[in-house]
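The values are calculated or read from the model by the stated rules, or taken from the named source; none is laboratory data. If you're wondering where the values come from, they're calculated on a predicted model, not measured in any experiment. Note that each Cβ is placed from the backbone with ideal geometry, even for glycine, and that neighbours are counted across all protein chains shown.
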Amino acid sequence: MKMITLEAGERKETVSKKALKLCNLSPVKGKVHVTVSAPILDAICVYLRHHKGNAVHIPFPVRFPTMKKITNKWDAEYIDCLFDQKPLFYQVFQVAHLWNITPLVELCGAKMATKIKGQKLSDIVRALQLHGDSLQKA
């Protein structure tokens, strides 16, 4: 299996060429240089490695309040864990969008939808922690 190295500064992660098909990164001589932090690279590579190029798309609109009713167990646990680290969650969401990892963008969007469904604006701001600079650094 052909492996591709993703490099972010000193950090290097490898994923299969098949897994990389989920995004719009183009390797040159088996490498891709990216400008993201190590935790973002780690989180995205975990997702890419698990799905091996075959991710599940999320049906919209989101009709259930928990991820376990929306997607498979692995994706639900992955995104729930990532959401517990809000700044990282938002950064991964941004990078997934920039790299065109559509299934991961959908998964992040669905997670946010489960947190705001039927809530008042003040509760939404608190649940999503939409203050500070958590949306600024990717």
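If you go through region 28-44 and keep only what is outside any helix (DSSP H, G or I), under 20 Å from residue 82 (Cβ atoms) and not hydrophobic (A, V, I, L, M, F, W, C), you end up with just 37. Just for region 52-84: of the residues that are closer than 17 Å to residue 39 by Cα and touching a residue at least 24 places away in the same chain (Cβ under 8 Å), which one is surrounded by the most Cβ atoms within 10 Å (Cβ to Cβ)? Ranking the candidates gives 79 first. Just name the residue that is surrounded by the fewest Cβ atoms within 10 Å (Cβ to Cβ) out of those in region 11-27 that are part of a loop (DSSP other than H, G, I, E, B) and free of Cβ contacts under 8 Å to residues at least 24 places away in the same chain. Among those that are part of a loop (DSSP other than H, G, I, E, B) and free of Cβ contacts under 8 Å to residues at least 24 places away in the same chain, it is 26. Just the residues that are among the small types (Gly, Ala, Ser) and surrounded by 20 or more Cβ atoms within 10 Å (Cβ to Cβ), please, taken from region 28-51. Scanning region 28-51 gives a single hit, 43. Listed by position, the helices (runs of 4 or more DSSP H) enclosed by region 45-138 that each have at least 2 residues that are of a type in the set (Phe, Trp, Tyr) and at pLDDT 90 or above are 73-83, 86-98. Filtered by the rule that a residue be surrounded by fewer than 21 Cβ atoms within 10 Å (Cβ to Cβ) and at negative phi, region 94-105 gives 94, 97, 98, 99, 102, 103, 105.
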